[in-house]
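To start, the structure under review is shown below, and the notes come after it.
Every read-out reported here was derived from the displayed coordinates using simple, explicitly stated rules and does not represent laboratory data. The shown structure was predicted, so the numbers you read here are calculated from the model rather than taken from an experiment. Virtual Cβ from ideal backbone geometry, glycine too; neighbours counted across all protein chains shown.
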Amino acid sequence: MSQLIDPRAPRVGAAVTSAFAILGFADAYTSFGITSQFLAVLLFVLFVWSVFFPNTHPYKKLFQAIKPRLGEPKELEDARPPRFAQQVGLGFATLGIVGLVLSSQVVVAIAFAFIFIAAFLNAFFNFCLGCQMYLLLKRVGLLRS
Amino acid sequence: MDNLLAVLALVGAATLVGLAYRFLHGRGHSVKSKKQIDLERLRPIRNGQVSLALGAEATLLQFSTSYCGQCPSVRRQLVALDQELGTVHHLEVDITDRLDVAAHFGINQTPTVFLLNAKGQLVYRVGGIPNLAKLKVELEKLGVK
């Protein structure tokens with residue numbers, strides 16, 4: 001049996017991520033200044049952190065701080081699909097960094113937009129794109145067990 | 001002004017996707033072909049043991065994976081129906097390592113629930129968390145009171 005997590009924990013993190021991503025998108029879309037550069041790097045660092053060292057992640061601390069207000073979860077869920085979703089997020093954050101290196105406004109804006117959509121749906125609609133893709137990708141053979 | 005419009009468009013698009021997901025998720029649809037389901041090959045589990053017995057009036061065949069967060073709660077709900085009605089059996093197939101089964105039936109997400117009639121033919125299927133009220137309507141069509 002793999003690790004079980006409180007399903008609300010990734011959603012709290014996703015809410016913060018979506019806020020960063022929409023701010024980054026707004027700046028990348030127009031002035032493409034220091035704000036979007038900073039946020040692209042920030043999101044990349046946060047995704048690397050959650051993929052490789054999830055136990056020390058600031059989102060985890062944040063969730064632990066607000067958990068007493070939320071009460072006990074109805075269900076726990078498997079950590080694998082949300083972890084996979086973080087890897088998908090890291091993929092798009094990496095795209096953002098590539099966009100910065102190429103100083104391509106379009107690439108950075110697209111990366112922010114994708115991160116925003118995925119994080120927003122996860123946080124506010126409990127719709128985890130990465131989780132939904134998990135079985136599909138396994139089926140087409142892109143993922144190994 | 002430009003970036004405000006772009007941000008609104010992005011948030012609006014994400015919200016529409018989320019609402020569409022909410023609306024479509026767990027709705028299910030009737031299956032015209034009435035494909036005969038081969039329980040012999042699926043070897044589903046009922047009450048912790050392999051059971052090939054169809055319910056006298058209907059069978060709820062749930063496909064789950066070990067990394068599926070919502071599967072246990074759906075199982076509990078459907079097992080409750082099984083126990084309450086008696087003529088409806090809840091059978092479950094773990095397809096974590098049986099991607100051939102997922103491919104055969106076109107299952108892209110778990111849980112997926114098949115409703116079988118008394119003869120074991122597929123008449124209705126739901127991807128995602130089934131809407132219980134709708135499921136009960138479908139059960140009534142099969143003569144379940």
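Observations on the structure shown:
- When residues of the range A:66-81 are limited to those that are of a type outside the set (A, V, I, L, M) and part of a loop (DSSP other than H, G, I, E, B), the one farthest from A:Leu135 (Cα to Cα): A:Gly71
- Some residue of the range A:101-109 being within 11 Å of chain B (Cβ to nearest Cβ), buried (at least 20 other Cβ atoms within 10 Å of the Cβ) and over 29 Å from B:Asp94 (Cβ atoms): yes
- Consider the range B:1-58 and keep the residues that are of a type in the set (D, E, K, R), surrounded by fewer than 11 Cβ atoms within 10 Å (Cβ to Cβ) and over 24 Å from B:Val79 (Cα atoms). The one that is nearest to the other protein chains (Cβ to nearest Cβ) is B:Asp2.
- Filtered by the rule that a residue be within 14 Å of chain B (Cβ to nearest Cβ) and surrounded by fewer than 19 Cβ atoms within 10 Å (Cβ to Cβ), the range A:24-70 gives A:Thr30, A:Ser31, A:Phe32, A:Gly33, A:Thr35.
- Of the helices (runs of 4 or more DSSP H) lying entirely inside the range B:1-89, not one carries at least 1 residues that are touching a residue at least 12 places away in the same chain (Cβ under 8 Å), in contact with a Lys or Arg (Cβ under 6 Å, 6 or more places away or on another chain) and more than 29 Å from A:Leu4 (Cα to Cα).
- Considering only residues in the range B:94-115 that are over 11 Å from the mean Cα position of the chain (by Cα) and crowded, with 21+ Cβ neighbours inside 10 Å, the one that is farthest from the other protein chains (Cβ to nearest Cβ) turns out to be B:Ile95.
- For beta carbons closer than 7 Å, sequence separation of 6+ or different chains, a first residue in the range A:115-140 that is within 22 Å of A:Ala40 (Cα to Cα) and within 7 Å of chain B (Cβ to nearest Cβ) and a second that is part of a loop (DSSP other than H, G, I, E, B) and of a type outside the set (D, E, K, R), the qualifying pairs are A:Leu121/A:Phe127.
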